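The next block holds one structure in the form of structure tokens; read it before the comments.
The values are calculated or read from the model by the stated rules, or taken from the named source; none is laboratory data. Because the structure is predicted, anything quoted here is derived from the model rather than measured. No Cβ is skipped: glycine too gets one built from the backbone with ideal geometry, and neighbour counts run over all protein chains shown. Surface accessibility is based on the protein's heavy atoms, side chains included, excluding ligands, DNA and RNA. Shrake-Rupley method; radii C 1.70, N 1.55, O 1.52, S 1.80 Å.
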Amino acid sequence: MQETQIIALEISVLESNPAAQTPAEAPPKRCVELDGLRGMAALCAVLYHYTDRASRLSPAIKLFRHALSISPAAMDMFFILSGFLIGGILLKTMESPNYYKTFYLRRFFRIIPIYYVWVLVFGVAAFFAPSIRPTMPKGYTLPLVIGAYLVFVQNFASPVLRVIWLEATWSLAVEEHFYLFMPACMRRFTLKQLVQGLVAIILVSPVLRVILSVLLKRDGGEWGWWAVYGWTICRIDALALGVLLSIAWTNPTAKGWLREHMRWVYASMAALLVVSGVFEYFTANEIRHTQAFTDGFGRSALELFSLCLVVIALVNQGKSSAAFMRWAWLRQIGKISYCVYLTHWGVFWAVLTFGFHTKAGVDVTVDLLAGVLALFLTLAISEFSWTYFEGPLVKHSHRYSY
């Protein structure tokens, strides 16, 4: 559940600061509907994680998770939003003399402090509570595991480095890798070359997922599953879709076409929902010879579903058809979603361990009660963090201007 809420804030700052814009650039309107989308995705992702073990005990919860699996409430939505918002910032500031310096300083202040604090909290907790330490192969140590998280390589070795407190951060690692090369691509390539490269990524990634699924899942066990699900090269197409949308949205012709052809967007969403449902059915029923295609093109269907929803939010700004995206409480969850994303697993573990003296997947009722309590605690912690820690750091980071 990435730090995309601050990217939207940066766009807002650029809009209100004429010095940060090119002379011919008209300040666009902030799309508050995207905050609501982010809040919805964050809430659904937490519910999906909290019901993971309980789904083995309850058919109803298992069905609920299948429903979430074919919705844009997974990491695909956050990747699309991150790609769109980061792409928008980079497009607006690519001629700035402080382009690289300001971009990376702002990313540092937004991402690193709260993330490192949470990794440190895990390290201290693991020292006093060995039960939360991961089961590691011979030769692996806890400092090595923590070091991998500190340098954002956990998504390449999650089966070995799997830590319940930090499990969700594989997607943060994917985004960090994206941040390493996208600013340079924006600056160095022509717009035509950039679009061609993004389209190539979008077309190649699902094929690569199919190939890796066939080659690695056959004998790779959990390693094979994780390569397809978490490796950067297998998930970067969602970020590329977001950047491609940001380019289209800054082009008056492309934006006008989207506004005039929304019926195709809605029709595409309906078709993609059916396709995603079929792929999820294949997975749930373990239909032979379908898993590779589900890994490859089922994921692409979810990404495109999410992309359509973002387009709907952009086109229907201020309209009644997107009213739910403007709900204040949903937008507030979107605002604090980065801390929610980082802490929700650890809070759930702590509630189960110290509050109910059990672990997930033992009793459905306990899991549900613990999940409700953990959600409220996570929101409270995240609100506190935003008010007294993250928010001030964000304010400080905007001392560095483009």
### Summary
Excluding residues fewer than 8 positions from K359 in its own chain, the lysines with Cα under 27 Å of it are K62, K138
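Find the Cα radius of gyration of the range 172-256, compare it with 2.2 N^0.38 Å by division, and give the number to two decimals. Numbers along the way, then the final one.
Details: Rg = 15.1 Å, N = 85, 2.2 N^0.38 = 11.9 Å.
Normalised by 2.2 N^0.38 Å, the Cα Rg of the range 172-256 equals 1.27.
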### Task
Answer with one residue from I287, F354, S205: the one whose Cα lies farthest towards the positive end of the charge dipole of the chain, charges on Cβ with Lys, Arg +1 and Asp, Glu -1.
S205
### Task
As a check on your grasp of the helix formula, calculate [θ] at 222 nm for the chain: sum -39500 (n - 2.57) over DSSP H runs of n ≥ 4, divide by the residue count, round to the nearest 500.
-23500 deg cm²/dmol
### Message
Please report the accessible area of R331 (heavy atoms, 1.4 Å probe, ligands and nucleic acids excluded) in Å², nearest 10.
### Response
80
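How high is the FRET efficiency from A129 to D52, r the C-beta distance, R0 25 Å, rounded to 0.05?
Working: r = 21 Å, r/R0 = 0.83.
For R0 = 25 Å, the calculated efficiency reads 0.75.
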### Mean separation of Cα contacts under 8 Å (6+ apart) over length of the chain, as relative contact order %
33
### Relative contact order for the range 85-222, counting Cα pairs under 8 Å that sit 6 or more residues apart, in percent
22
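How large is the charge dipole for the range 89-209, taken about the Cα centre, if only the Cβ atoms of Lys, Arg (+1) and Asp, Glu (-1) carry charge, to the nearest 20 debye?
Working: 12 positive and 4 negative charges, 47 e Å.
Roughly 220 debye for the range 89-209.
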### Task
Mind grabbing the accessible area of M94 for me, 1.4 Å probe, Å², rounded to tens?
40
### Summary
In whole percent, the fraction of accessible protein surface over the chain that belongs to carbon or sulfur atoms, probe radius 1.4 Å, stands at 69
#### Entry: Qualifying lysines (Cα of each under 20 Å from Cα of K335; at least 8 residues distant if same chain)
K29, K395
#### Entry: For the range 216-286: rounded, prolate or oblate by the Cα gyration tensor [a/c cutoff 1.5]
oblate
#### Entry: Per residue accessible area in Å² of the range 285-328, where ligands, DNA and RNA are left out and the probe is 1.4 Å
46
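Can you give me the span-like helices of the chain, meaning DSSP H runs with 20 Å or more of Cα extent along the axis and Kyte-Doolittle mean at or above -1.0? Intermediate values should be presented prior to the final figure.
On the way: long enough: 33-50 (26 Å, 0.62); 75-93 (27 Å, 1.62); 99-128 (44 Å, 1.03); 170-188 (28 Å, 0.18); 191-230 (41 Å, 0.92); 232-249 (25 Å, 1.67); 262-284 (32 Å, 1.17); 299-315 (24 Å, 2.08); 364-385 (31 Å, 1.84).
Taking the DSSP H segments of the chain (at least 20 Å long, mean hydropathy at least -1.0), we get 33-50, 75-93, 99-128, 170-188, 191-230, 232-249, 262-284, 299-315, 364-385.
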### Message
Among V151, C31, G256, which residue has its Cα furthest toward the positive end of the charge dipole of the chain, with +1 on Lys/Arg Cβ and -1 on Asp/Glu Cβ?
### Response
G256
#### Entry: Nearest-20 debye value, the range 202-285 charge dipole, Cβ charges on Lys, Arg, Asp, Glu
200
## Note on the structure
The farthest towards the positive end of the charge dipole of the chain, of the residues L85, G371, C308, given +1 on Cβ of Lys and Arg and -1 on Cβ of Asp and Glu, is L85
### Task
Calculate the length of the line joining the C-alpha centroid of the range 253-304 to that of the range 116-186, in whole Å.
31
### Query
Stretch Y400-K138 to full length: gain in nm at 0.36 nm per residue minus the Cα-Cα span?
89.8 nm
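Let me spell out the model: positive unit charges on the Cβ of Lys and Arg, negative unit charges on the Cβ of Asp and Glu, origin at the Cα centre of the chain. What dipole size does that give, in debye rounded to 20? Numbers along the way, then the final one.
Values: 34 positive and 24 negative charges, 78 e Å.
With only Lys, Arg, Asp and Glu charged at Cβ, the dipole is about 380 debye.
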